[in-house]
1. Which of the residues belonging to segment 94-114 are over 26 Å from Gln7 (Cβ atoms) and either open to solvent by 70 Å² or more (accessible area, probe 1.4 Å) or in contact with a Pro (Cβ under 8 Å, 6 or more places away or on another chain) (or both)?
2. Cβ contacts < 7 Å: first residue in contact (Cβ under 8 Å) with a residue 60 or more places away in the chain and over 9 Å from Phe103 (Cβ atoms), restricted to segment 117-138; second residue of a type in the set (Phe, Trp, Tyr) and surrounded by 13 or more Cβ atoms within 10 Å (Cβ to Cβ), any location; separation 6+ or different chain. Result?
3. Counting only residues that are open to solvent by 90 Å² or more (accessible area, probe 1.4 Å) and more than 32 Å from the chain's Cα centre (by Cα), which one in segment 29-44 is modelled with the lowest pLDDT?
4. Name the pairs: first residue in segment 99-114 and in a helix (DSSP H, G or I), second residue of a type in the set (D, E, K, R) and open to solvent by 40 Å² or more (accessible area, probe 1.4 Å), Cβ to Cβ under 6 Å, at least 6 apart or on different chains?
5. Could you tell me which of the residues Arg117, Arg85 is under 20 Å from Arg4 (Cβ atoms) and either at pLDDT 90 or above or charged (D, E, K, R) (or both)?
6. Would you pick out the residues in segment 69-84 that are touching a residue at least 60 places away in the same chain (Cβ under 8 Å) and either over 18 Å from the mean Cα position of the chain (by Cα) or open to solvent by 90 Å² or more (accessible area, probe 1.4 Å) (or both)?
7. If Pro79 passes every condition in (1) in a helix (DSSP H, G or I); (2) within 18 Å of Asp5 (Cα to Cα) but one, which one does it miss?
8. Looking only at segment 115-129, count every residue that is open to solvent by 70 Å² or more (accessible area, probe 1.4 Å) and not in a helix (DSSP H, G or I) and tell me the total.
Amino acid sequence: MKVRDPQGQTWRVTRRWVPWRRRLKGSLDALPDLPGGTSLGDDPVSLVIGLVLLVLLLPFLLLVLVAGLELLLLLLVLPFAILGRVLLGRHWTVEVRRGFRPFWEQETGDWQASGVRIHEVADAIRRGDPPAQTLGRG
């Protein structure tokens, strides 16, 4: 649920579906924009320029690879996490993010109790009374 406080700051109050918070969410937005349709050519200078660009882009390519692996792991674990929550009665975690940065979290009860808690926290944020920060300090 997306809410705004009286100062206009956007907050997100949601359930966390897996036991961990994604670390690389939004990291693909940091990739540089490359001009499309540009070729380097066949001369030695173009080869050097191409190698320099490859070295500069290597960290971004590794970041994309790690983000892809994390997404794959998420897709593999998600069915088991949902089954564990539904069948074994595992509690849901309600989390609050200011913008996209984790700000607060609390373990709540079942699906219904977590839904009630989401609405309580969202209403408090709308009134200008956000929960105390427990995540992302320092």
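1. Residues satisfying the conditions are Glu107, Asp110, Trp111, Gln112.
2. The qualifying pairs are Ile125/Trp11.
3. My answer is Thr38.
4. The qualifying pairs are Ser114/Arg15.
5. Only one candidate qualifies: Arg117.
6. Within segment 69-84, just Ile82 meets the criteria.
7. (2)
8. Looking only at that region, the number is 2.
The values are calculated or read from the model by the stated rules, or taken from the named source; none is laboratory data. Computed from a prediction, not measured in an experiment: that's the story for all the values here. Don't worry about glycine lacking a Cβ; one is built from the backbone with ideal geometry, like all the others, and counts go over all protein chains shown. These accessible areas exclude ligands, DNA and RNA; they are computed on the full protein's heavy atoms, side chains included. Shrake-Rupley method; radii C 1.70, N 1.55, O 1.52, S 1.80 Å.
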